[in-house]
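The values are calculated or read from the model by the stated rules, or taken from the named source; none is laboratory data. All values derive from a computational prediction rather than experimental measurement. Reconstructed Cβ throughout: ideal geometry from the backbone, glycine too, with neighbour counts over all protein chains shown. For the accessible areas, the whole protein counts, side chains as well, though only heavy atoms, and no ligand, DNA or RNA atoms are used. Shrake-Rupley method; radii C 1.70, N 1.55, O 1.52, S 1.80 Å.
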Amino acid sequence: MKHQASVLVLAASVLAATTAGAQKSEGLALTPPMGWNSWNHIGCEVNEAVVRETADAMVASGMRDVGYVYLNIDDCWHGERDADGFIRPDPERFPSGMKALADYVHSKGLRLGLYSDAGWTTCGGRPGSRGFEFQDALSYARWGIDYLKYDWCATDGLKAEGAYRTMGRALVAAGRPIVLSICEWGDNRPWEWGKEIGHLWRTTGDIAPCWDCEVDHGDWSSWGVMRILDMQEGLRVHAGPDHWNDPDMMEVGNGMTVNEDRAHFSMWAMLAAPLIAGNDLRTMSEATREILANREVITVDQDALGIQGFRYARQGELEIWFRPLADEDWAICILNRGTAPLPVELVWQDETVVDELSGRQTLFKARLYRVRDLWTGEDLGTTRETLTAEVPGHDVLMVRLIRLLEPED
Ligand code: GLA
């Protein structure tokens, strides 16, 4: 009996500590979150049939089994608040309610995410969580929600850090582990305060399915993949396990060429970005599926060291990116930003790569690595030989350097 009582006291004090002080549920995103989100392809037309079919497709396509577990409903799921202020899903689009949908998604071995906004309305004009943060968090917890993307429209007069802190506390108080995805587009330098509050933060405005374009929407723009990539400059020092830079959800399968999609996916893996697919998983082509489900590239993204990659060199349209990995391995991505194919000749022994952030060095003269092409699965020899290749336009050559403990002859 006595033993039982002390366990109870312990449980109560742990609970009190969680609700009073903790800013976020720790450890929910030790590697960048992976999943799918409705916005990029479906926009406001999301409904429960789409969600169920997407859950089925995530299983049937093998996406779940390579790590895509979050199924996130973005803007426009909301209906009205009830007389007591509780948010309800749109009754026509979600007639079975969120609890039933979460049960279905969970039964497939997946997790369900929702979207809300720190302001009075969402970007799509639905009810925001301003003034209802704790009540909304409670609803999400009761429904069995696992992930919240929290947006920044209609927030005039609000301060971002405080507003996100309020929702972070509300989620913790609701008592269910829920990933918090901070989405204020990098406007308030979330990398400087987001780590204590959320698990990832958007670093930029919205992505668009194009290589290097700016899409002008009047008072805001969305950006092609290369534009978003360039906006990550200087941010790698802020990311790590449980607190990631988020260069936005992916546009793979949304209209770019296969080469561009492959480059986009590779660079997101180099950035240790959350891998949130934004295409229609129910109808995707085999070429798209093969990109999104490439286990070896995913393994780079999900590397346990959690160190974001960096641009090591740039020559004309070619860029060479390095990312240190666990077990003394490295990922290398040679990106061709131009349209013409370009030859590459890399004498490993001539390169000195030192990463101050991780304290890692390649030490090519002292160490030997096997070179593996992550898109073809081909063995490209070792770092004792010269790497000779041609990188097609708007494409990459992505390799993993696998450290060999005993030099090969
Ligand atoms: C903002 C976000 C997008 C998406 C839309 C929904 O633009 O940045 O990712 O959530 O709102 O309205």
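Stretching L158 away from R295 to a fully extended chain increases their span by 45.1 nm, per 0.36 nm per residue minus the current alpha-carbon distance. Projected label points at L404 and A287, each 7 Å from Cα along the beta carbon direction, are separated by 3.6 nanometres. The distance between label points at K365 and T257 comes to 4.1 nm (points 7 Å beyond Cα on the Cα→Cβ vector).
The GNM of the chain, with springs linking C-alpha atoms under 10 angstrom apart, assigns the highest mean-square fluctuation among S266, S38, S221 to S221.
Ranking of L271, L342 by solvent-accessible surface, largest first: L342, L271 (1.4 Å probe, protein heavy atoms only, all chains present).
Pairs from the list K24/K159; K108/K159; K99/K149; K99/K195; K108/K195 with a Cα-Cα gap above 28 Å: K108/K159; K99/K195; K108/K195.
Carbon-plus-sulfur accessible fraction, the chain (probe radius 1.4 Å, protein heavy atoms only): 51%. With all protein chains kept in place, the per residue accessible area of the chain amounts to 42 square angstrom at a probe of 1.4 angstrom. Compared with the alpha-carbon gap, the fully stretched path from E378 to W220 is longer by 52.6 nm at 0.36 nm per residue. If you take all other residues with their beta carbon under 9 Å from the beta carbon of A273, and give Lys and Arg +1 and Asp and Glu -1, the sum is -3. Kirkwood analysis of the range 255-297, using all unique Cα-Cα pairs, places the hydrodynamic radius at 10.8 Å. Taking a ≥ b ≥ c as the square roots of the eigenvalues of the Cα gyration tensor of the chain, is the shape rounded (a/c under 1.5), prolate (a/b larger than b/c) or oblate? Prolate shape, in that a/c is at least 1.5 and a/b is the bigger ratio. F132 contributes about 70 Å² of solvent-accessible surface, heavy atoms of the protein only, 1.4 Å probe. In this simple spin-label approximation, L30 and A60 carry label points 7 Å from Cα along the Cα→Cβ vector, and these lie 3.4 nm apart. Among the cysteines of the chain, those whose beta-carbon sits 4.7 Å or more from every other cysteine beta-carbon are C183, C333. Here the relative contact order of the chain, from alpha carbon pairs under 8 Å that lie six or more residues apart, stands at 13 percent.
The GluC sites (Glu not before Pro) found in the range 315-409 that occupy coil by DSSP, while having at most 10 further C-beta atoms within 10 Å, are E356, E408. Computed from the C-beta positions of E356 and D212 and an R0 of 30 Å, the FRET efficiency is 0.50 to the nearest 0.05. When the chain is treated as a GNM, springs tying every alpha-carbon pair under 10 Å, which of C210, C333, C44 comes out with the largest mean-square fluctuation? Sorting by GNM fluctuation, first place goes to C44.
Of the whole protein surface, K195 contributes about 100 Å² of accessible area at a 1.4 Å probe radius. Taking the chain as a Gaussian network of alpha-carbon nodes connected by springs under 10 Å, the highest mean-square fluctuation of the residues G97, G168, G157 belongs to G157.
The solvent-accessible area of L380, taken with every protein chain present and a 1.4 Å probe, is close to 50 Å². Helix screen, the chain: DSSP H segments with Cα axial length of 24 Å or more and mean Kyte-Doolittle hydropathy at least -1.0 are 2-20. Using the rule -39500 (n - 2.57) for each DSSP H run of four or more residues, divided by the residues of the chain, the 222 nm mean residue ellipticity is -8000 deg cm²/dmol.
What shape does the range 95-203 take by its C-alpha gyration tensor, where a ≥ b ≥ c are the square roots of the eigenvalues and a/c under 1.5 counts as rounded, a/b above b/c as prolate, and the rest as oblate? Note, shape of the range 95-203 comes out prolate.
FRET efficiency for the R176 to V344 pair, using the beta carbon distance and R₀ = 51 Å, is estimated at 0.55. Of the listed residues R295, R93, the order by accessible area with a 1.4 Å probe, largest first, is R295, R93. Per-residue extension of 0.36 nm, minus the Cα-Cα distance of E80 and D103, leaves a gain of 6.0 nm for this segment.
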